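Derivation of every value follows stated rules applied to the coordinates shown; laboratory data play no part. Computed from a predicted structure; not experimentally measured.
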Amino acid sequence: MAKWQKSTLKLAKDHAWEAKPGYQIVVLDRGAVRFDVPLGWVLAPGEGAIEVRDRPQPDDNCLLQVTVLSVPAGLEPGALPLEGLLAAALEGGEQEVLDRGLIESATRPGLELAWRETRYVDPEERREARSRTCLARGAGIHVLFTLSFWPEEAARCDEVWDEVLRSLRLGDYREATTGRRVRRTGGESLN
């Protein structure tokens, strides 16, 4: 697993960070990925992904896993259809799939998204669970989100999912304490 580092910084009084009321901002890899989750959700490293939970384990009911993906050298960022990549990523697996929804997609300036909902049997709890998986790309970055939840949490998770996708930004590098944009060159941020 990649090296994990969590930092807590004091924001400048005149900072430019903004989130919807009741939400907090998550920034990964110095701005490669940015999205919002409800206040109080807990962020921690997972196996191959960053995990954001509605409550600390084992009392959690919703889990958002986020993986920033590397694009192989020489591959054009938009060379492969996003829907096909998502379908391939969701094939196989060890869980018993009850139903897979249709793949939905959207584009925004500089961002493409494709997502699908899956109903499956949770192997540990032996009951129905759901997940929504989104593959997004933009600014030369690919990110995979999977939101897993129990059916009784669907209404709450609909809201969370919509806000994660609405607030998603890729390659939007900002200075941590002020929230002001910076240019990224050679792996370093410049003011």
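Once the chain from residue 156 to residue 13 is taken as fully extended at 0.36 nm per residue, the excess over their C-alpha distance is 48.2 nm. In the chain, helical runs assigned H by DSSP with n ≥ 4 each contribute -39500 (n - 2.57); averaged across all residues and rounded to the nearest 500, the mean residue ellipticity at 222 nm is -3500 deg cm²/dmol. Fully extending the segment from residue 30 to residue 44, taken as 0.36 nm per residue of separation minus the present Cα-Cα distance, adds 3.4 nm. To the nearest 10 degrees, how steep is helix 154-167 against the longest Cα principal axis of the chain, on a 0 to 90 scale? Taking the Cα atoms of the chain, the angle to 154-167 is about 30 degrees.
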